[in-house]
Amino acid sequence: MPPRTNLKVLVLDTDFYARQAINSYLAWDRRTRVVHLADTLDSVRDYVRAVDESEWPDVVLLDAQAASTPAELARLIGEIEQTIPHVMTLVLDRKLSLETLHACEQVQVNGYLLRNELRIRIASAIIWAQDHDFVVTQGVKDALRDEFGGRLFRAAVVPERREYPALTERVRQALQLCVVEGMSAELAADEMGISPHTVRSYVKEGYRILETYDDTIYPPDMSPQEKAFMRITALAEDVSGV
């Protein structure tokens with residue numbers, strides 16, 4: 001079956017560049033659609049008041065640094081969920097804080113994820129999280145070895161990216177630069193120290209290899225680059241297309 005589409009996402013992040021990076025990654029994956037980029041709770045409220053309820057987000061990605069303490073973050077989460085009933089809230093943190101993690105769990109967020117562990121899996125992780133009560137990245141789960149009950153003990157770990165053993169290092173690099181980072185063949189050629197023609201050959205070969213490992217049915221209007229991005233960022237245990 002085709003992948004799910006149009007899951008509406010609101011990003012609340014205090015860092016301008018982080019907001020733009022998340023927006024860029026989610027824009028490549030049509031299963032998700034960013035409806036608003038916010039840096040404050042007031043911006044979230046203004047958006048909700050300004051649009052029809054059909055455009056309210058299904059998911060809020062929340063920067064853990066949007067509040068100065070775990071207790072304030074918990075209050076912020078409560079206010080977001082009062083503003084947008086039934087929203088899924090996923091907290092993104094720069095480094096593990098068990099105090100923040102426990103504060104988030106107590107207010108029933110749906111996930112606590114470390115940015116540096118999640119990276120470009122963010123869209124796939126959002127889709128995957130729909131089928132789980134509470135999700136974490138591996139480093140968070142490792143820190144919970146002393147938890148023996150409750151949602152933290154049962155937390156599901158976001159799977160790693162799908163493996164493509166046939167990809168050579170140079171083909172991987174070409175795909176990373178041209179597909180993930182959106183570089184032209186000319187810019188990627190400068191980065192790799194090869195010709196643009198060779199870059200294009202690597203990318204074409206990468207597309208072929210990625211396709212052999214994926215039987216997902218994609219919409220007919222999806223570009224090869226878009227399909228490649230979704231394959232590169234797919235999870236090893238991804239069931240989002242089922």
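All of the numbers you see were taken from the coordinates with simple rules; none came from a lab. The structure displayed is predicted, hence computed values, not measured ones. Neighbour counts run over all protein chains shown; Cβ positions are idealised from the backbone, glycine included.
Miscellaneous remarks
- Residue-span extension gain [N6 to F148] - 0.36 nm each, minus C-alpha spacing: 47.5 nm
- Ranked packing of 188-194, 135-141, 176-182, most packed first, by mean Cβ within 10 Å: 135-141, 176-182, 188-194
- F153, F134 arranged by Cβ crowding within 10 Å, fewest neighbours leading: F153, F134
- Across the range 169-232, the mean sequence separation of Cα contacts (distance under 8 Å, 6 or more residues apart), normalised by length, yields a relative contact order of 34 percent.
- When Rg and the Kirkwood Rh are both derived from Cα coordinates, the Rg/Rh ratio for the chain amounts to 0.99.
- Under 26 Å from the Cα of K204 - lysines, other chains or at least 8 residues apart: K227
- Projecting the Cα atoms of I127, I209, V35 onto the charge dipole of the chain, computed from C-beta unit charges around the Cα centre, puts I209 farthest toward the positive end.
- Cα centroids of the range 31-67 and the range 110-165: 22 Å apart.
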